[in-house]
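Asker: Input: one structure, supplied below.
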Amino acid sequence: MKTNTDQETGWEFQFEPYTEHKVPSGFVLRTEVTSFWNKIFHTPAEDDHPEPAAGDLERLSDRNLERVVPEIQSDKWYQALDKLTEVFTDQRKRGPLVIVTQPYSMLTSVIKSWAEQRNRQLVSAPELSGDLANSSNNLLPGSDWIIPDLRSWFERSPDGLQNIRALLSYIQAAASTRGIVVCSSWAWNYLDKAVGLKTFDTRAYTLRSLDAEALAGYLLGYAERATGREVEFCNSTNGKYVLHRQTDPQDRDKKEVQFNDLIEQLASYSRGNMTLAFRFWSNCLRTEPDTDIEESKQQEKMGNGTLTYWVIPWSEQDLPVVPAGFNWLQNTILHTLIIHGSLDTAQFSRLLPHTEDERNRAFADLEQHELVETRNDRYRVAMEAYPAVRQHLAQNGFLTDKF
């Protein structure tokens, strides 16, 4: 498939109404459709990139990854946030602006630094044991306030929702148009079911997703800007193009971005989430075997100056899988972790009515299957496991987010 050159780097960090957000279509049907058209309009074999030499393909070094895998730059986020707040203010909607963040997007930390630069006051969550309902008069400043992480105001329990109810009542009564509430997509959907958030839907926005076309243009455009060269990504097993530019036969001065099924699969599996897409893309990339490095350098110097990177097929991705036989406790731990982002042992003991031995056995199984990781004594669902965990929870009747 191809994308126009004027869109090759045109995807921007833009927010859209939460109710209008769409994830890329499932890749099974799209792959079949793409394969059908590829068979009809397949480029002649001599135009395919020559196959790489046999041997084990190694991952790209960290230095090379920095040149081909996009880094999410703060200034792009800041520009998008400035534009969103400006548009929201112009619309004169009653109540605060709500930003629903996607899993692993790091947008919460970006918003905190953005708030400091824009002189907006960050409002931290009170102690969960405190009586928020009786102290709501001093809860928020008059304007320009930001609650950077709404999920930190509650724990998933009847007592933990008291703070949320008091906070929402206060916000609705104050009707400030200068406040911003930031909440993760899973916590937002859970709170909508628990306390009701429909009145905030018209004020809620989220980051626009990356479909396959936008992802292809963004990845290739970034790599070319970072390297200062024309770049191509080729299948590591057959040498065929995964992502590259091809001269438009009707306009020799124009080169279009073309991509194959793997980019479709990448966009769909990541559900349009740029952070996940970039992580899985970096896991796909390989370099040629050491024995061919010198030869490849010579060919590169003698060729047309195009840099070649190798991509392993999607079927060879070592992706975590959630066992179908997981019990209720293991599934509930996964669900609780995603809603809260991360939790420590003490928090789990308050939230889940199980013994320490039962929890330890459950965590051992989760860690064995690389579904959960520990950072600073806090558990969270591993990023690479998130798509599989989300699908597993949805299939087992658990409430998920809309992303």
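Asker: Name the residues whose placed amide hydrogens come within less than 5 Å of the amide hydrogen of residue 307, ignoring near sequence neighbours (fewer than 5 apart) on the same chain.
Answerer: 230, 231, 232
Asker: Follow-up. Which ³J(HN,Hα) values in Hz, rounded to whole numbers, follow from the phi angles of region 190-207 under the Karplus curve 6.51 cos²θ - 1.76 cosθ + 1.60, where θ = phi - 60° and Gly and Pro get x?
Answerer: Result, rounded to whole Hz: 5, 5, 4, 6, 7, 10, x, 10, 4, 5, 9, 4, 6, 10, 9, 10, 8, 5.
Asker: Related question: Once amide H atoms are built 1.01 Å from N in the peptide plane, which residues 5 or more positions from residue 101, or in another chain, come under 5 Å H to H?
Answerer: Correct list: 183, 184, 185.
Asker: On to the next question. Would you work out if region 55-94 is rounded, prolate or oblate? Take a ≥ b ≥ c from the square roots of the eigenvalues of the alpha-carbon gyration tensor; rounded if a/c is under 1.5, else prolate when a/b is larger than b/c, oblate otherwise. Could the numbers behind the result be given before it?
Answerer: Numbers: a/c = 8.40, a/b = 4.35, b/c = 1.93.
Taking the square roots of the gyration eigenvalues as a ≥ b ≥ c, region 55-94 is prolate.
Asker: May I pose another question? To the nearest 20 Debye, how big is the dipole of region 171-284 about its Cα centre, given +1 on the beta carbon of each Lys and Arg and -1 on that of each Asp and Glu? List each step's numbers first, then the result.
Answerer: Details: 14 positive and 13 negative charges, 102 e Å.
Roughly 500 debye, rounded to the nearest 20.
Readers should treat all values here as calculations from the given coordinates under stated rules, not as data from a laboratory. Being a predicted model, the structure only gives us computed values, none of them experimental. With ideal geometry, Cβ positions are generated from the backbone for all residues, glycine too; neighbour counts draw on all protein chains shown.
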